Amino acid sequence: MNTHRPDPDPNASDVAQDARRQAEAERPATAGGAPDPRTDRYRAVYHAIRSAPMPEPPASFALQMERLALAADASSDTRARGGNDTWLLGLLPGVAVLALVGWGGAEVIEGLRTSAAHWRGLPWPMLLATGAGLAGAWALDRWLAKQRPSPR
């Protein structure tokens, strides 16, 4: 029977030792005890960190952050509107459709006419009710999204 259980965290003993040293460093040194060089180093580092002055932010820090945030919003608006590449990507599918219709217009029109025969036997009331239900669910979702507070 194997009674050895592997440690789930191999660094757990190191973490426990660090926590013990941290606790010892936070306590004042006791006279009469044997000095431990590791605890003395921890104590020196702990004291240096605790006694280091916290730098104050510059007086215009809030103004600088506001300007950076506004600049980021403005650049994201510019990217959302897009430039020439966005207009080109919006124009290319239309040009492709016009080219296909011009190149094979007669065949496309004949194919659409024959495929329209397949649409005659569809259950239109059920399809329209499904579409109305989906549109209503979408509208409800948009309305509820406006009611919820923004995560920002």
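For residue 110 paired with residue 15, estimate the spin-label separation in nm (one decimal), with each label point 7 Å from Cα along the Cα-to-Cβ line.
7.4 nm
Using a 1.4 Å probe on the protein heavy atoms, what percent of the accessible area of the stretch 84-152 belongs to carbon and sulfur?
Numbers: 4690 of 6440 Å².
Accessible surface attributable to carbon and sulfur in the stretch 84-152 totals 73 percent.
What spacing in nm lies between the two simple spin-label points modelled at residue 140 and residue 119, each 7 Å away from Cα in the Cβ direction?
Calculated label separation equals 2.9 nm.
Would you kindly derive the ³J(HN,Hα) couplings of the stretch 94-110 from the backbone phi angles with the Karplus curve 6.51 cos²θ - 1.76 cosθ + 1.60 (θ = phi - 60°), listing them in order in whole Hz, with x for Gly and Pro?
With the stated coefficients, the stretch 94-110 comes to x, 5, 5, 5, 4, 5, 5, 5, x, 6, x, x, 5, 5, 5, 5, 5 Hz.
Which of 128, 39, 105 sits closest to the plus end of the dipole of the stretch 37-148, meaning its Cα is farthest towards the positive end, when Lys and Arg get +1 and Asp and Glu get -1 on the C-beta?
Toward the positive end, the furthest listed residue is 39.
The values are calculated or read from the model by the stated rules, or taken from the named source; none is laboratory data. Quick caveat, the model's predicted, so the values are computed rather than measured. Heads up, the Cβs are rebuilt from the backbone with ideal geometry, glycines too, and the neighbour counts pull from every protein chain shown. Just the protein is used for accessible areas: all its heavy atoms, side chains included, with ligands, DNA and RNA removed. Shrake-Rupley method; radii C 1.70, N 1.55, O 1.52, S 1.80 Å.
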